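Chemist: Let me give you the structure first, and then I'll get to my questions.
The numbers here are math on the coordinates, done by the rules we state, and not lab data. Computed from a predicted model, the values in this text were never measured in an experiment. Reconstructed Cβ throughout: ideal geometry from the backbone, glycine too, with neighbour counts over all protein chains shown.
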Amino acid sequence: MPQLAADPILVVADIHLGRKQHGDKKTGPGIDWALGTLNRGAEAGARHLVMLGDVIDRKRFTEATYGEVTRFFQCGVELFDTVVFIAGNHDVHHDLAGIIPGGVIVARQEPQTIRAGGWALHTAAVEVDRDPRRLVPEFPAPVEEAPNLGLLHTSVTGEYSNNPCLPCTRDELAACGYGAWLLGHVHNRITLSSAPFAGWVGMGRAYLATADGEKVRVADL
């Protein structure tokens with residue numbers, strides 16, 4: 001059993017703040033949806049939050065959008081014990097230093113393990129748009145006696161994405177030996193594997209990851 005309690009984790013991705021909610025070629029769920037989802041996740045028992053990339057759009061934004069980014073993360077800090085931000089390919093077009101409030105763990109661009117309560121979260125942030133690096137084979141070994149969750153903003157093998165982003169294969173994901181993988185970048189909710197689970201969260205959707213000892217279960221919020 002893990003030494004620390006592994007309380008549920010809320011995972012959201014690809015919010016693309018700055019996009020309109022309707023009437024444009026590319027739309028997003030918006031700040032009201034995002035804040036409401038954080039509250040629903042907390043009410044469902046989540047004690048940790050992961051924002052899995054593209055919190056802000058690279059083109060469709062105004063100065064007010066940066067305030068929305070701050071509000072999103074500040075709400076997370078107030079509701080959850082741990083808040084992790086893993087930059088996606090849109091986020092790297094912005095300087096978010098000073099926009100993201102204190103108390104948020106900002107993932108590095110190299111493979112790393114972040115502890116959130118009893119969880120071992122394995123991740124790496126995007127470095128540049130269309131990031132060509134193949135990092136998954138370099139990801140850390142699973143932490144013993146803990147639930148291990150892989151988190152990556154990735155195009156995987158590319159058939160669901162316009163451009164490559166931290167590419168990898170399904171076999172490389174599985175070879176890490178984690179209890180589950182949750183992915184950002186692709187806006188549709190697509191499941192690549194059911195056991196162990198691997199799939200994209202999807203835009204306007206959220207997942208709740210729960211642990212049973214070292215086993216990881218993933219369910220729609």
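Chemist: For a quick check of your reading of the filter: which trypsin sites (Lys or Arg not before Pro) in region 30-100 sit in a DSSP loop and have no more than 10 other Cβ atoms within 10 Å?
Modeler: Details: sites: Arg40, Arg47, Arg58, Lys59, Arg60, Arg71; in loops: Arg47, Arg58, Lys59, Arg60.
Filter output for region 30-100: Lys59.
Chemist: Now, a different point. Quick one: grab the alpha carbon gyration tensor of region 143-221, order the square roots of its eigenvalues as a ≥ b ≥ c, and give me rounded if a/c is under 1.5, else prolate or oblate depending on whether a/b is larger than b/c. Mind dumping the intermediate values first?
Modeler: Numbers: a/c = 2.42, a/b = 1.41, b/c = 1.72.
Judged from the Cα gyration tensor, region 143-221 comes out oblate (a/c at least 1.5, b/c at or above a/b).
Chemist: Percent relative contact order of the chain, based on C-alpha pairs within less than 8 angstrom and at least six residues apart? Before the final figure, lay out each step's value.
Modeler: Details: 562 pairs, mean separation 48.5, N = 221.
Relative contact order comes out at 22 percent.
Chemist: Can you give me the relative contact order of region 108-221 as a percent, contacts being Cα pairs under 8 Å and 6 or more apart?
Modeler: Taking the mean separation of contacting Cα pairs over the length of region 108-221, I get 20 percent.
Chemist: Now, a different point. With the cut-off at 1.5 for a/c, could you classify region 64-154 from its C-alpha gyration tensor as rounded, prolate or oblate? Mind dumping the intermediate values first?
Modeler: Details: a/c = 3.03, a/b = 1.23, b/c = 2.46.
Verdict is oblate for region 64-154.
Chemist: Find how many whole Å separate the alpha carbon centroid of region 74-110 from the alpha carbon centroid of region 1-72.
Modeler: 11
Chemist: Suppose we keep just the DSSP beta bridges with both residues in region 9-220; what percent of those would be antiparallel, to 5?
Modeler: Working: 18 of 44 bridges.
Among the beta bridges of region 9-220, antiparallel pairing accounts for roughly 40 percent.
Chemist: Arrange Thr37, Thr62 by Cβ neighbour counts within 10 Å, fewest through most, would you?
Modeler: Numbers: Thr37 21, Thr62 9.
Fewest-to-most ranking of Thr37, Thr62: Thr62, Thr37.
Chemist: Here's a follow-up. For an R0 of 22 angstrom, estimate the FRET efficiency from the Cβ-Cβ distance between Leu192 and Asp212 and round to the nearest 0.05. Could the numbers behind the result be given before it?
Modeler: Working: r = 22 Å, r/R0 = 0.99.
So the FRET efficiency works out to roughly 0.50.
Chemist: If each residue's Cβ is checked for other Cβ atoms within 10 Å, how do Thr82, Thr210 rank with the fewest at the top? The partial results should precede the final answer.
Modeler: Details: Thr82 21, Thr210 17.
The most exposed by this proxy come first: Thr210, Thr82.
Chemist: Students often get this wrong: which residues of region 62-91 have the backbone nitrogen under 13 Å from the point 7 angstrom along Cα-to-C-beta of Asp24?
Modeler: Counting backbone N atoms under 13 Å from the label point, the list is 62-66.
Chemist: When N is the residue count of region 156-201, what does its C-alpha Rg come to as a fraction of 2.2 N^0.38 Å? Write down the numbers at each step before the final one.
Modeler: Numbers: Rg = 10.1 Å, N = 46, 2.2 N^0.38 = 9.4 Å.
Ratio of Cα Rg to 2.2 N^0.38 Å: 1.07.
Chemist: Residue-wise, which Karplus ³J(HN,Hα) couplings in Hz belong to region 156-161, taking 6.51 cos²θ - 1.76 cosθ + 1.60, θ = phi - 60°, and x for glycine or proline?
Modeler: 6, 8, x, 6, 9, 9
Chemist: Amide H neighbours of Trp181 under 5 Å, at least 5 residues apart or on other chains, H built in the peptide plane: list them.
Modeler: Amide H neighbours of Trp181: Gly150, Phe197, Ala198, Gly199.
Chemist: Next question. Please arrange Cys75, Cys165 by how many other C-beta atoms lie within 10 Å of their C-beta, fewest to most. All intermediate terms of the calculation are to be shown ahead of the outcome.
Modeler: On the way: Cys75 21, Cys165 25.
Final ranking by Cβ density, sparse to dense: Cys75, Cys165.
Chemist: Show me, for region 48-58, the HN-Hα J-couplings you get by feeding each phi into the Karplus relation (A = 6.51, B = -1.76, C = 1.60, θ = phi - 60°), rounded to Hz, glycine and proline as x.
Modeler: For region 48-58, the Karplus-derived couplings read 9, 10, 10, 9, 9, x, 6, 6, 10, 7, 7 Hz, x marking Gly and Pro.
Chemist: Place the peptides 102-114, 20-32 in order of packing, highest mean first, counting for every residue the other Cβ atoms within 10 Å and averaging per peptide. It would help to have the intermediate numbers written out before the result.
Modeler: Values: 102-114: 15.4, 20-32: 13.2.
Ranked from most to least packed, the peptides come out as 102-114, 20-32.
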